[in-house]
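K.L.:
Shown below is the structure under consideration.
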Amino acid sequence: MDEGDASADDEGGSQVERMAHESADSGNPVVVVPVAQLAAFLQDAARRVMPRKTRSYLRPFFIDEALLRKIDRRIREAMQEVSSAQVLIEVEVRYADLSGETYNDLNEFLDNAADDVEAESVAITWSGMSARGNFQRVGLVCTTEKPLEGSGSRAPVPEAAGIDLLVSGESRRWVRITFAQLEGLIGATRLSMLFRPLEVFRHSIYSEVGSWILGAVAWYISFEILNNTVERAENEQRVARVLRPESLDDRFAEFVRDLYSPRGSFVVGLLTFLIPYGLLFFVQLLGSRYMRYLVPRSSIHIGLSSRRYLDYVNVFKFLIFTVAIGSALGVAVNLLSSLLE
């Protein structure tokens, strides 16, 4: 070792001694970490890429307290197999009114969150350190369709709903096994088979096509009603006009005159043409805006506000499966019967 290195070591040692003396004098503890070893550790951590696996489940979901506890238990069991330290948890909750809360305990989160307002999203992170000093991390993010206050539209955003899962650790085998275990639990969050056909409306293309189909149906029904009404009224007027004269010759002359004269009013004909098309575009606009409500809503079923979700489900079932589908089937049967006649 040359004189420069020796002097540097002496200077560093004297600095450590001065810090220790100052700590003893002030009564404040000082942790001394060798700078060279700390720099080497940080460089090695920066170079290493921990194995990780992620997946997004973009669909409506239902997750409750029992399933969250089961996920928590499964993650803790997996981490304790490779971790000697305590498993830490961090929960961040966001509400539709732009407020938020954080928790460091799952039980406290389940007991206190979402009592007044339903949760818009919940992000939970489990972390631990293996015996070799590597971090294990599992992240679960649940996001619903609820719009935030202050946004331009109060309509739900079905395409934003879903669950994101992330698992990372020092061993790719551990990551894959843990991810497979959690994937099975997250699969249980999907809504029942009764609601799944309606999930197609979370994509804008289906909403647009469906709204144009509704507009076309509205155009056809309104055109048939107006055309039949106007034609019936005109026929009644023509019959009354032909039968008004007393003599048969005058009636025949009136019939011939009516036969070769222009029929109907220009204004009535124009309205009969414009009203169905106006109704077409109006229904299409309403459909493109409100057809997203056909997608069943996701729920983070915790807290006292979870009762409101049960009320919503009951109303949703009645409106969709009783009123909407029943009316659509009735209209379809009427259209089919009119086309077959």
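The values are calculated or read from the model by the stated rules, or taken from the named source; none is laboratory data. All values derive from a computational prediction rather than experimental measurement. A quick note on method: Cβ atoms are made from the backbone with ideal geometry, for glycine too, and the neighbour counts reach across all protein chains shown.
K.L.:
Only one of (1) surrounded by 13 or more Cβ atoms within 10 Å (Cβ to Cβ); (2) not in a helix (DSSP H, G or I) fails for Ser192. Which number is that?
P.N.:
Among (1) surrounded by 13 or more Cβ atoms within 10 Å (Cβ to Cβ); (2) not in a helix (DSSP H, G or I), Ser192 violates only (1).
K.L.:
For segment 106-122, enumerate the residues that are in contact with a helix residue (DSSP H, G or I) (Cβ under 7 Å, 6 or more places away or on another chain) and acidic (Asp, Glu).
P.N.:
Glu118
K.L.:
Also: Suppose we filter Arg263, Arg257, Arg238 for residues that are at pLDDT below 80 and in a loop (DSSP other than H, G, I, E, B); which single one remains?
P.N.:
Details: Arg257 fails: in a loop (DSSP other than H, G, I, E, B); Arg238 fails: in a loop (DSSP other than H, G, I, E, B).
Going through Arg263, Arg257, Arg238 in turn, the sole match is Arg263.
K.L.:
If I ask for residues that are surrounded by fewer than 19 Cβ atoms within 10 Å (Cβ to Cβ) and out of contact with any Cys (no Cβ under 9 Å at 6 or more places or on another chain), which ones from segment 111-126 would you list?
P.N.:
Going through segment 111-126, the residues surrounded by fewer than 19 Cβ atoms within 10 Å (Cβ to Cβ) turn out to be 111-112, 115-117, 123, 125.
Residues satisfying the conditions are Asp111, Asn112, Asp115, Asp116, Val117, Thr125.
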